[in-house]
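S.K.: Questions regarding the structure given below will be posed in turn.
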Amino acid sequence: MRNWQRIFGSCCSALVVACGARQDAAPPGSVITVRDAWARSADSGAMTAVYFTLANTGEISDTLAAVASPDAELTEMHISTQHGGMMHMSPVTSLPVPAVDSVMFRPLGAHVMLTRVRKPLAVGDSVSLHLTFVSGQAVEVRAGVRQP
Ligand SMILES: [Cu+2]
């Protein structure tokens, strides 16, 4: 957060000065970015998982409310849990992204599940995701396919 302010602080204040009459700055909100997105390789028609890190550099928490992909018939948010030595995946309808924090989607944790992918996904291919947040922000993600 400190770095973010250092980088953008100067141009924000320049903007306020330029506006003159506008005393109040824009209200603080969530600022979501996605990094390190990748998907497991899969055959056409199979399932696969997409992982990434969601960072919220804003001062207000946000919630991932919807995921969609043109590359699969069904796209869901899942959480993996382990009980009795068995892995279990549960669909969830939302995932919170706290303010000034980041959330990792990773194996054995949260992931985006793609069911019945529409094309074979080999290393070097990519899949598209569309993430929608409660704040109204929408983020497009392109996840490179990796061999897990
Ligand atoms: Cu899953």
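S.K.: Taking H as built 1.01 Å from N, whose amide H comes closer than 5 Å to the amide H of SER30, not counting residues under 5 places away?
M.R.: The answer is ILE60.
S.K.: Right, another one. In the neighborhood of LEU129, defined by Cβ-to-Cβ distances under 12 Å, what is the net charge if each Lys or Arg adds +1 and each Asp or Glu adds -1?
M.R.: Net charge around LEU129: -2.
S.K.: Cα centroid distance between region 80-148 and region 28-70, in Å?
M.R.: So the separation of the two Cα centres works out to 6 Å.
S.K.: With 10 angstrom as the radius, rank GLU140, GLU76, GLU59 by how many other C-beta atoms surround their C-beta, starting from the fewest.
M.R.: GLU140, GLU59, GLU76
S.K.: Give me the dipole magnitude in Debye, nearest 20, for region 26-90 about the Cα centre, with unit charges on the beta carbon: positive for Lys and Arg, negative for Asp and Glu.
M.R.: It works out to roughly 140 debye.
Every number here is computed from the coordinates shown, using simple stated rules; none is lab data. This is a predicted model, so every value here is computed, not measured. Note: ideal-geometry Cβ built from the backbone for every residue, glycine included; neighbour counts use all protein chains shown.
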